[in-house]
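Asks: I am attaching a structure below and will ask some questions about it afterwards.
Each reported figure results from applying straightforward, stated rules to the coordinates on display, with no laboratory input. All values reported here derive from a predicted model rather than from experimental measurement. Please note: Cβ atoms are built from the backbone with ideal geometry, for glycine as well, and neighbour counts cover all protein chains shown.
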Amino acid sequence: MNIEKIIDDCKIYLKQIKQYDPDPFYVNHFFSKFIDSVNMVMGGIFDEANRDFGLFITEKISYEKFLKKAKEKNDEKAIKFLEWYSNKINQEHKSKFPKVIKKICELKNKEDALPEIKIMIRAQDRYEKDINQQIIVGLSNEKLRSKEELQIEINRQLPVFLEVINHKRTKNNEPNVNENQVTTSAFIDIGDISEVEVAYAAEIYIPVLIRLVEESRKKIKELTSWS
């Protein structure tokens, strides 16, 4: 498995998510492919560890299968890698957006559907406490019917959105937003985490994925180089 190629695929899917954002059909399609690729990278880390530690697991590898085999072979180095990897995963997924991607990867592994896409108005330049506002647009086969219809709904909702967001920004001594400084994006809710922008979460996650691969390889090399 070529992990670097799969990470490049993640970057391509991110570009396609941004290209079609906020169309629910296409965002969902490319986000699903992005999540599949993330899961493949995670699997690839275990494939490399299986090879380098010489565990000879022949079926599809999971954390549990890797741990079971390492214990059967009494391979302390492989067990140490798993302990390190578990801590690393927890460390990398403490913040909101990586945590969301991890939750969705777990859904996909169970073959569950991805969370439903919501189209929301947001400020182009965001502040932490900004609000977003959902807009309901008619769809045809889950796709936007037209950009014109989307714009009509944006224009209808814009006055309320600007009033609310600017009220909050004024209280926080932040610059106000005007009608030319808003856009629409695809958002999802998952579990107790609401209003997660799909493209932003995916973009934030790519450096996490790269670190996991690079540092896992470094740790495997460190452990397998011991005398």
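Asks: Taking a spot 7 Å from the Cα of MET1 along the direction of its beta carbon, which residues of the range 200-227 have an amide N less than 13 Å from it?
Replies: Answer for this model: 213.
Asks: Further, regarding this structure: If you wrap a convex hull around the C-alpha atoms of the chain and split its volume per residue, what is the figure in Å³?
Replies: 138 Å³
Asks: Run the reach check for LYS96 against lysines, Cα to Cα strictly under 24 Å, same-chain hits fewer than 8 apart removed. What comes back?
Replies: LYS11, LYS15, LYS18, LYS33, LYS88, LYS108, LYS110, LYS118, LYS129, LYS168
Asks: For labels at LYS15 and LEU158 in the simple 7 Å Cα→Cβ model, what's the distance in nm?
Replies: Distance between label points: 3.1 nm.
Asks: Also: What ranking do 81-90, 124-133 get when scored by the average of other Cβ atoms within 10 Å per residue, highest first?
Replies: Peptide ranking by packing, descending: 81-90, 124-133.
Asks: For the range 187-204, just list the computed ³J(HN,Hα) in residue order, Karplus coefficients 6.51, -1.76 and 1.60, θ = phi - 60°, integers in Hz, with x standing in for Gly and Pro.
Replies: 10, 9, 10, 8, x, 8, 9, 10, 6, 9, 6, 4, 4, 5, 4, 5, 5, 4
Asks: Continuing with this model, one more query. Using a Förster radius of 25 Å, what is the FRET efficiency between ASP8 and TYR63 based on their Cβ-Cβ separation? Nearest 0.05, please.
Replies: 0.50
Asks: Could I ask something else about it? Where does helix 96-109 land angle-wise versus the long Cα axis of the chain, in degrees 0 to 90, nearest 10?
Replies: With rounding to tens, the tilt is 70 degrees.
Asks: Which chymotrypsin sites (Phe, Trp or Tyr not before Pro) from the range 150-227 combine a DSSP loop assignment with at most 12 other Cβ atoms within 10 Å?
Replies: Those satisfying the criteria are TRP226.
Asks: Against the longest principal axis of the chain, how steep is helix 147-171, in degrees 0 to 90 to the nearest 10, with axes from Cα atoms?
Replies: 90 degrees
Asks: If you fit an axis through the alpha-carbon atoms of helix 76-92 and take the longest principal axis of the Cα set of the chain, what angle between them do you get, 0 to 90°, nearest 10?
Replies: The two axes meet at around 10 degrees.
Asks: Counting other Cβ atoms within 10 Å of each Cβ, which trypsin sites (Lys or Arg not before Pro) in the range 142-211 have at most 13 and sit in a DSSP loop?
Replies: Passing sites in the range 142-211 are ARG145.
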